[in-house]
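Here's the structure we're looking at; comments come further down.
Laboratory data are not the source of any read-out in this text; all were calculated from the coordinates shown. In this text, all values refer to a predicted model and were calculated from it rather than measured experimentally. Neighbour counts are summed over all protein chains in view; Cβ atoms, including those assigned to glycine, are modelled from backbone coordinates with ideal geometry.
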Amino acid sequence: MRTKYSLLGIVALSLLILISCTGCVGYMNEQTIECTVKDKWVKNYSSDSEYLVSCDDTVYKISDLLFKGKFNSSDIYAKLEIGKKYKIKVTGYRLPYFSEYQNINEIEEIGAK
């Protein structure tokens, strides 16, 4: 009986670690990418929304990141224009199983004066 509860505890702890790590994904793997914006849209949930951007056949999200001090997701989304080329700084990983996308943190239009 005791081993049954120990095993249950290990499984619960493993799940907790896995869930907390998927939340940390947005802060890792910083990259700078150049791409052309093909489309952008807002995905609405019952209590929240998510900004999504299609850029050279890859989908990215734009969301605030508390520990990076990034609270300007709406501004970044509004500045992106379809058909224009940007240098974007992204963090995170694409995890299709969790519907997780890399997060756009900074943008710079390429060729802008």
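General remarks:
- Cα gyration tensor shape of the range 48-100, rounded if a/c is under 1.5, else prolate or oblate by comparing a/b with b/c: oblate
- GNM flexibility winner over the chain from Lys61, Lys84, Lys40 (Cα, springs under 10 Å): Lys84
- Gain upon complete extension [Ile110, Ser54; 0.36 nm per residue less C-alpha separation]: 18.5 nm
- Candidates per chymotrypsin sites (Phe, Trp or Tyr not before Pro) in the range 23-113, loop by DSSP, up to 11 other Cβ within 10 Å: Tyr45, Phe71
- Here the translational diffusion coefficient of the chain follows from Stokes-Einstein with Rh set to the Kirkwood radius across Cα pairs; for 4 °C and 1.567 mPa s it amounts to 82 µm²/s.
- Net length gained if the chain between Leu66 and Trp41 were fully extended (0.36 nm per residue, minus Cα distance): 6.7 nm
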